[in-house]
Each structure stands twice: as C-alpha cells, then as structure tokens.
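**Student:** Structure provided below as structure tokens; questions to follow.
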Amino acid sequence: MTPSLSRRHFALALPSALLAAGCAAPHQGTGRPGDPVVLTLLSHYASGELKKALQGPVDEWNALHDRVKVRTKAVEFTDLLTTFMVRQAAGQGTDILHPYCLWNGQLVRAGVLRPAPPEHAEEIGRAYGAAAVGSSSVGGRVYGYPTEMQTYALYYNKRLLRAAGLDGPPRTWPELEEAAYRTARQDRYGNTLVQGFGLSTFDDSTTVGQTLALLNAAGGRFVSADGRSTAIDSPAGRAVFDLERRLVDRGASAPGVNVYQAFASGQVAMVISAGWWTTNLKALMGTAYREVGVAPVPLPEADGRRATLSTGFMLGVNTASEHPCEAWEFLRWLNADKVRGTTRMSALQASVGSLTGRADDMRRLLGTGGDPNLHPFLDALAYAVPEPNVPGAQQAKSLLRKNIEALWTGQQTVDEALRSTRRQVDQEVSRSW
Amino acid sequence: MVNATLAPESTERAARDRSAGLGVRVRARRRRRQAVVAYLFLAPTLLFYAVFLALPLGFAVLLSTSRWAGFDLGDIDPVGLDNFAGLFADGSTFLAPILTNTLLFALGTVALALAGSVLVATCIDRLRFQGLWRTLYFLPIVTTVVAVGNVWKYMYQPGGLVNGVLNAVGLGSVAFLQDPDTALPSVVVVQAWASVGSAILVLTAGLKSVPESYYEAAALDGAGPVTVFWRITLPLLRPSLLFVCVTQFLTGLQSFALIIVMTKGGPGDATDVAALEMYRQAFSYGDWGTASAAAFVLFAVVLAVTLVQLWLFRRKGEDA
C-alpha cells in the first residue's frame, strides 16, 4: 500500500466514520444477551395531562416486562412531523411513531411506516369503527393502531338560541341558516357582536374541518375513493360553498374572529368543531359551560343520511426499527388488551376528555353520568368519514383552506373556488403518488 | 587552456547552482511548512465554513434538482430542473401571487421604514436627550417578532385599538387582516414599524458625520430648512441610506415570522410570501426539492435587487 493511497483511504474513512458515528442507530439496550430491548416511542404528548396519561401505561408495561422496555420521547405537535423527518434522515428514527393520520400517506410513501402484521391488522379491523380503520390505513392497508379520534359536531349556545326564540339546535341547513341570521348581531360600525354561525380562518384544521364536516353531511367527499383526485367539485361541494358564502355575505359569519375565544365568550351562537374542544370549553367557561350544547352536524335535508368528518392519530412501527415484533406486541398490549373491560388506550383517552375509535370502550367509560356533550361525538364514530390521508393530503388541505378563504373574502365566486380547488388539488395529489 | 581555465569556473557555477538549488528547495520546503502551519491555523474557520456553509449549500443544490420527502437520504431522486419548471408552470402560485407578494412586501417595508426613519432621525438630531429617543425607537428591535405580531394582530381586530380609534371618529370598522386588499399593507406597516429602530440608529450616526460647516454655509446663503434637507442632509446621508435600503430589502425579501404569526399567509394567498412557502413545502408537505428550488429563486431575486440598488446608488456617485 503506497503512502498516498493510505492518505486517500484515511481521507475517505474519516468523514465516513464521523458520519457513521453521528448517524448511528439509537441506543437499543446494551445488546448483551439477556439485557432488555429498549423501544423508543415518539409522540406529541409532551406536557401536562397527556404526558402523564401516556407515561402511566408505559410505566406499567416496564414494571411488568423484563425483556422489553419502552422509553417515551415527546415533542410539541407543531414539531412532530419535522422531528419524524429529521430523526429518520439522521438514522435516529424511534421504533414507534404516533403520527397524525393526515400524514400517513406521506409517511408510507417515504417508507417510514411498517404495515401492520396480519394478526394485528385483523384485530384493528374487527375492534375499531370504520372511520378509525380508514384513518390508520393507506391504500386499503392498515399501518397502526388508531389512538385518539376526533369527530365533528355542532356546538351551540343555548342562551343565544333561546334569546332568538329558538327551542333547540338546527337539524337541517335551512334551519341552520335561519338560526344564524336570527342570532347574528353587529354594531353600527360593522363590528360583529354575535356570529350566528362561526366560520373561522384560525388555522388549516379549523377552516377545512368545518367545511369538510358540512361536505360529508351533504354526502360529498373531498378526495375520490382511489385518492388520486379531488371530488369536491360536485353538487355537494357547491351546496357547501354556497351556504358558507351566503352566511358570510349576510353578516351571520365573521371568519376573521378567533372563534375559539368568541364562542367561549358567548359571541358565537353555533359553530362546528371537534370533540376535544369540550375539555377546553369547560376550563374556559366555568359555570357558563352549562349553556353549551352539542348536536350532530345539520344535514341539507331532514331525511338525509347522517355523516360528518373524523380526524385521528395512530401508533405505528417504524420500518427502521430493529425490534418490530416487540414493538407490535407493546402496541397490542396498550391498544387491544382489556383491563376492567376497556383497553388502556381507551382509558387514557377518556381520562383527557378524548375518544378512541372503540365505541364500546367509550360507551363504557363515558357511562351515563359523564358530560352529555360528548355523546354526539361518540355517536358520530359510527357514521363519520375519515379525513383523507393520501400522499399529499397535507398540501391538499392547505390548498383547500386557501380557496375557502378566497371564497369567504369574495376573491373568488363559488364556481371559481370549486374550479381552482379541483385544479390545484388534483395537480398536487397526483404528483404525490 | 581554455578548457583548463573554464573548468574551475564551470565547477564553481555548478557548485553555485547546486547551492542555489539547495537554497530554493530549502525555501520551498520552508514555505510548504509555513503553508501547512497557516492552514492548520485556518482549519477551524475553514471547517466551520465547510460544515455550516459549503455543505448545506451543496446539499441545497442537490435537493433543488432532486425529489426528496425528507426522511431517507437514500431516497433522493434526481429530477433535473423539474422543480424549477414546476415553480413557474401554468397554474403554479409561486410567481403570482407568492413572489409578487414578497416583492411588494419588501418594497413597501423599505419605503415606509426609510421615509419614517429619515424623518424621525432628522427630528432626533435636533432634540435633547438623543440617546433616550434612539433607545425608545430601538425597542421594537429587541422585542420578539411573535410578541410584536400578536399585539398588532389584536390591535387590527374588529373591536381592537385601531378600529376603536376609527369608530371614535365616526368611521366604520376595517377588517385589516381579513380583507385580501388590506391584509398585505397592514402587515407591511407592522414590519416597517418593527424595523424602523435599526434604521434610525444608522441614520442618526450618518447625520452626525455631516460636517457642520455645510449647514453654516447654507445658513449664510439664506437657505431654508427644506432646501438644507434636500440639498445637504439627504445627499450626504446617501451611504447610510444605501446601507439601510440594502439591509431592509434583504430582511423584507426573507421575512417569514411576522407573516406566519399575523396571517399565516392568508386570507387565501393574499399575504403568502416566498420564505413561508419554502417552509411549508419542506416541513409540512415534505417536498424538499421544490422548497430548495424556491430558495434558489429567492436567492436570485435577492441578488438581483441588491445589485440594482448598488448600481442605482453608484450612478449617483456613491461608492458603496
């Protein structure tokens, strides 16, 4: 070996060694025979009640199992997808991931999520509702155990409806419009004092969630069954966009207002939102929470078939995990084994005011004495439509949000908004496959 | 004879040559050794630049011509210039409204901040307690963008301070951040307000460097304050103005935080800018190729705008 060759080898080997050291696989135990395997779990349960709620069953598992231990890592939800990306690219991906199901297509396409083994997929298909299974699946294949499920329903302020001479929440869109116009109030300067129906540009999930809940209630879908194009440019889509545009134009909705604060302050009569909000409203409103009611999302006509939107999270196993069998076993223990009649995950979610896709568990946990406002969300598990999670779903959602805002602010007509959404979303969704 | 007499000379020459060659070699070796030592001293800096500048830049070039979802380095798929073509393809929103918004945002910010800072700096220059005034105007710089954005967002709300003032004088409320026509100008005002402090610092320093004799001569000639400002102050402030103009433009073109706090790019695309779009493409949509291509387009725009500014100022005789 010549000295120059040796130097060249050294020059090549040094960065490689540095890279290898930097990108080494995460610590998986000592590797010595008999030492436990350490599984890592990355979730967004980073603080407060959620962190404690997840740590409880993990501690229980660690106390009961000598061979496989679980270590949790948590980041804020806003950093979750980025953390998945960075850790995966650096070879530091955790064994178990807890993604928002909207990202599942993106994660599957990038080869991050491992399909559930047949026995687990079968268990998931049998025990969970269709919406939960749909959220955890991509292209008909199950990729994890559904955890928290959020369905959308109509929150209403009983006091404001009573003051407008209305006995109860609207069941149809004509009733919704009528109630919205009767409850809305503005001052002489055009400031909204009370929104009849709260449409909000707060964030992607709020804006799109409200619209998709109405779209699903009208029998429409955002994305086609094969996931390769949008289906919003339809009679149902047109009806939803028409309804929202009318509500804004006639002053019953003020999309710029922070609806989460305004509803809690008694400045919004009705708004569509997900079940997680009940816990926040209780904390924010105190005794005034008794004026809050929840009803199913109104339908275009009284005899329509009920439907709404559902979103969710799931626990899946990383393709890079060196211990997939152990990881799936832990997930089965956490999500499928029953203790006192319910799974640990269902008990965990109920303890923080959320739901899982196991309706029987949730009925048992919520019982008859719980918050009656949670029951419409629980009932909706049976008929909810999962949020599309095809590759490119996040971008499709952002594009829809932009077009909805353009519609609400008068930048686009209903026809233009439908056409523009279809063109932009089709382009992105087809590109992502 | 000749050979006999020449022989010692040639031997001497050969010896001199040998000695000279030896000297050259020694000097060369010394120079090499010095170069090695110099590079050893430079190594930390070079390593720093390699890790934090050259490597990311090279990676960005690679990504801009590839398709990558951000998860596995082995999945980087070369696509040539497709990402750039996609940015300017029919139906893409990158050129309009995103890049247009970016330029309008930067232009508006520079115009407002420059006008405001020249006015305020000139006033401060005539006041007592100049340090106090400069500190007061500098406060927005030391406040986090998130705090600034949120405070202004509440002030712009229907029922907020700004609309309260409008209502008090009998005017109707304006949906500043909700109306696509007023959203971008509203954010521009905040960005200009937030950046005026640093411009004032630079301009007041520039004003101090204007020789007092010019003003005395102007006063003797009977020049009024407006003439003095246009004919003396402003031309002599040109180096400071150039610095403020270039740095404010750079900040404006790359602005991201204030917009994400105040409008998230909405309503619709009304306040969407290139930096925000790049962030979304990479971190939300997992399209690192498009994000990197957009970054290079933005870089080209920033470079072009900066060169135009330098050229304009040089035409006026100012050597930057």
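**Student:** Taking amide hydrogens as modeled 1.01 Å from N in the peptide plane, which residues meet the under 5 Å criterion relative to A:Ile232, leaving out close sequence neighbours?
**Tutor:** Here the answer is none, since no amide H 5 or more places off falls under 5 Å of that of A:Ile232.
**Student:** Just going by the charge dipole of chain A, with Lys and Arg at +1 and Asp and Glu at -1 on Cβ, which of A:Asn280, A:Phe202, A:Leu243 is farthest out on the positive end?
**Tutor:** A:Phe202
**Student:** Nearest 10 degrees, 0 to 90: what angle lies between the long axis of helix B:100-125 and the longest principal axis of chain B (Cα atoms)?
**Tutor:** The two axes meet at around 80 degrees.
**Student:** Please report how far the C-alpha centroid of region A:33-54 lies from that of region B:80-120, rounded to the nearest whole angstrom.
**Tutor:** 44 Å
**Student:** Starting from the 7 Å offset along Cα-to-Cβ, what nm value, one decimal, do you get for the label separation of A:Ser265 and A:Val86?
**Tutor:** Roughly 3.6 nm, to one decimal.
**Student:** Which aspartates and glutamates, on any chain, are close to B:Lys153 with Cα under 14 Å apart, when same-chain ones fewer than 8 places away are left out?
**Tutor:** The reachable aspartates and glutamates, counting only those whose Cα sits under 14 Å from B:Lys153, are B:Asp179.
**Student:** Can you grab the distance from the C-alpha centre of region B:39-71 to the C-alpha centre of region A:232-302, Å, no decimals?
**Tutor:** So the two Cα centres are separated by 49 Å.
**Student:** Okay, next question. For q values of 0.10, 0.13, 0.18, 0.23 Å⁻¹, compute log₁₀ I(q)/I(0) with the Debye formula on a Cα-only model of region B:160-281, without solvent.
**Tutor:** -0.52, -0.74, -0.95, -1.21
**Student:** With an 8 Å Cα cut-off and a minimum separation of 6 or more residues, compute the relative contact order for region B:1-154 in percent.
**Tutor:** Relative contact order of region B:1-154: 7 percent.
**Student:** Counting pairwise Cα distances across region B:94-315, what percent come out greater than 26 angstrom? Don't skip to the answer; put the middle values down first.
**Tutor:** Numbers: 11313 of 24531 pairs.
Result: 46 percent of Cα pairs exceed 26 Å.
**Student:** Can you give the longest run of chain B that contains no chymotrypsin sites (Phe, Trp or Tyr not before Pro) sitting in a DSSP loop with at most 13 other Cβ atoms inside 10 Å? Don't skip to the end; give the middle numbers.
**Tutor:** Working: sites that count: B:Phe88, B:Phe129.
With a cap of 13 other Cβ atoms within 10 Å, the longest stretch comes to B:130-320.
**Student:** Same structure, new question: Distance between Cα centroids, region A:55-80 to region A:130-185: provide it in whole Å.
**Tutor:** Between the Cα centres of region A:55-80 and region A:130-185 lies a distance of 33 Å.
**Student:** Sticking with this one: Principal axes first, then extents: for the Cα atoms of chain A, list largest minus smallest coordinate on each axis, whole Å, largest first.
**Tutor:** Projected onto its principal axes, the Cα set of chain A covers 89, 54, 38 Å.
**Student:** Dipole size in debye (nearest 20) for chain B around its Cα centre, Lys and Arg Cβ +1, Asp and Glu Cβ -1? It would help to have the intermediate numbers written out before the result.
**Tutor:** Numbers: 23 positive and 20 negative charges, 366 e Å.
For this selection, approximately 1760 debye.
**Student:** Using a simple charge model, +1 on the beta-carbon of Lys and Arg, -1 on the beta-carbon of Asp and Glu, nothing else, what dipole does the protein assembly as shown show about its Cα centre, in debye to the nearest 20? The partial results should precede the final answer.
**Tutor:** On the way: 68 positive and 61 negative charges, 455 e Å.
Roughly 2180 debye for the protein assembly as shown.
**Student:** Relative contact order (percent) for chain A, with alpha-carbon contacts under 8 angstrom and 6 or more residues of separation? Could the numbers behind the result be given before it?
**Tutor:** Details: 790 pairs, mean separation 102.0, N = 433.
The normalised contact order for chain A reaches 24 percent.
**Student:** Taking only Cα atoms, what is the 0 to 90° angle, nearest 10, from helix B:238-253's long axis to the longest principal axis of chain B?
**Tutor:** Approximately 80 degrees, to the nearest 10.
**Student:** Using Cα-only point scatterers and the Debye equation, what is log10 of I(q)/I(0) for the protein assembly as shown at each q in 0.06, 0.09, 0.10, 0.11 Å⁻¹, rounded to two decimals?
**Tutor:** With no solvent term, the Cα-only Debye profile gives -0.49, -0.96, -1.13, -1.29.
**Student:** Next up: Once Lys and Arg get +1 and Asp and Glu get -1 on their Cβ, which of B:Leu171, B:Phe94, B:Val196 lies farthest toward the positive end of the dipole of region B:94-315?
**Tutor:** B:Val196
**Student:** Using θ = phi - 60° and the Karplus curve 6.51 cos²θ - 1.76 cosθ + 1.60, what whole-Hz ³J(HN,Hα) does each residue of region B:75-91 get, with Gly and Pro shown as x?
**Tutor:** Computed from phi, the couplings for region B:75-91 are 9, 6, 10, x, 10, x, 9, 4, 5, 5, 4, x, 5, 10, 6, 4, x Hz.
**Student:** Once you keep just the Cα pairs under 8 angstrom separated by 6 or more residues, what percentage relative contact order results for region A:145-212?
**Tutor:** For region A:145-212, the relative contact order is 20 percent.
No value in this document is a laboratory result; all are computed from the given coordinates. Predicted model, so just to flag it, every value in this text is computed and none were measured. Don't worry about glycine lacking a Cβ; one is built from the backbone with ideal geometry, like all the others, and counts go over all protein chains shown.
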